[in-house]
Amino acid sequence: MIRSVVPKLRRLPTVFVRRTHFQVPFEDDLTTVDDDDFGLAGFQLYKESPDVLRQKELLGLELRSDVASAEPVPATAAATASLSETACLRQPIIFSSKLHDPYLNLAIEDYIYNQMPLPTSEDEHNCNRLMLYVNSPCVVIGKNQNPWAETNLPLLNALGIPLVRRRSGGGTVVHDLGNVNYSFMTTKQKFDRFNFSRLITESITELCSLKVNDRGDIVDGPTGKKVSGSAYKLSKGKSYHHGTMLLSLNLDVLRRLLRRDEAKVGHVDLKSSVKSVRSPVVNIGIPIDRFIQLVSSGFALNYGVTVLPINELDEMLGLPSFAENACTTFTIDEDTPLPVEVLQTVEELKQWSWRFGHTPLFTHTFKSATHGLQVTFHIGKNARLIDFEIATETTGGATASSFDMLRLMINTHGYVEYKGSTIAGFITDDSISEWIGVSIDGTS
């Protein structure tokens, strides 16, 4: 249930902008990162010496009344905004979705992409976007793919795992709570199928050895096995590159959902659909939160806004100030009010007419030694059965006549929707009806 509560807009917890000194750091310069990485927790109680305080007073600098007890500057920014407001900001933004509904996440991704402004010559910053999310178990196919050819549909339906068709090209992937999905958005002019893949490998290089192959896929360095595939979309002067990173995915389930036994689910002859390129895969074993943290930091480093803090004492003493790039993160959760466009897109993505009806023309052939029968279905536009042929080992008889009602429906209406239960309903022989329905998609 999406409740109407305004989300918080905050800075990345992993990006810190602070002065760098040549002398011992004071309490207000330290963060928990320093404590963990450098063992500097003891300096949290450090006080400036009387000599330093007198020098500051002589220089006319502001004195703090309570140095030891002053709270460190938090690494979060206190600001509130809606998703619709944030999506239009003319600055780089990271969107982190805590939702696991694949339809919602794809709809939000689409909304952010459509709302992302194109930078102009007057803009000081880029308008790039990064979205990160984790989906509940599902199978996601590309815009121009055939679900009957790419997946084991009977198994998907038996397990209640949704089939989702995205609006970008590319191949079929399996999602579950053991992988992270990323989407990098920029201008069409800046599109490069390798750049963001390299950013990911560089961001997590301290934890594992990865590289980008000639297809733009991220692979395990030592074995060459695929750990992330990508898909792309370019439109309206914009582009996005999205993919899924295998961290701890159930690989056995992945293989079963994508493995087709033609003796059971038939042979699909593709006319123009895009066929997935099968590759050996492996998990990289990084915790999800750590992966998100590192990739977010990598995005901020490369595309974030540079902030250079000005300090009077540094300037007077001739000490340099150092700055790090920062980037705002917008978190989307169950309390985030979603724009009506997102909810409309969710409904569109759920429609059978999109998930299955968008499939290009194909034929689907089934053989049964038990029934001495071969059936070839011709599926036209909108995944509609428009014709079929039957070949039997016996001439005439009850086997062929059991398809008479199906032929009548096609001749009368011009088509029958290619659903297992619908096709099976027009086959009068119960045994053949069950076989055909289950073979098509697991329904009868």
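Read-outs: derived from the displayed coordinates by stated rules, not from any lab. This is a predicted model, so every value here is computed, not measured. Please note: Cβ atoms are built from the backbone with ideal geometry, for glycine as well, and neighbour counts cover all protein chains shown.
Computed from the C-beta positions of I386 and T306 and an R0 of 56 Å, the FRET efficiency is 0.40 to the nearest 0.05. Look at S82, S121 and count the other Cβ atoms within 10 Å of each Cβ; fewest to most, that gives S121, S82.
Relative contact order for the stretch 362-441: 23 percent, from Cα pairs under 8 Å spaced at least 6 residues apart, divided by residue count.
Quick one: plug the Kirkwood hydrodynamic radius of the stretch 362-441 (C-alpha pairs) into Stokes-Einstein at 37 °C, 0.692 mPa s, and report D in µm²/s. Estimated via Stokes-Einstein, D reaches 262 µm²/s.
A simple spin-label model places pseudo-atoms 7 Å from Cα toward Cβ; at K225 and N144 they are separated by 3.1 nm. The value of relative contact order for the stretch 74-216, using C-alpha pairs under 8 Å at least six residues apart, is 23 percent.
Neighbours of C127, meaning other residues whose beta-carbon lies under 15 angstrom from its beta-carbon, give a summed charge of +2 when Lys and Arg score +1 and Asp and Glu score -1. Only lysine pairs 8 or more places apart, or on different chains, with alpha-carbon atoms under 27 angstrom apart are counted in the stretch 162-279, and they number 24.
By count of other Cβ within 10 Å, fewest leading, how are C88, C327 ordered? Mind dumping the intermediate values first?
Working: C88 14, C327 23.
The order, fewest Cβ neighbours first, is C88, C327.
Charged neighbours of S444, selected by a Cβ distance under 13 Å, balance to -3 (K, R count +1; D, E count -1). Counting Lys and Arg as +1 and Asp and Glu as -1 over every other residue whose Cβ lies under 11 Å from the Cβ of R166, the net charge comes to +3. Once the Cβ-Cβ distance of S353 and L207 is raised to the sixth power relative to R0 = 51 Å, the FRET efficiency obtained is 0.75. Placing dummy labels 7 Å off each Cα toward the beta-carbon, the span from E85 to Y415 is 4.6 nm.
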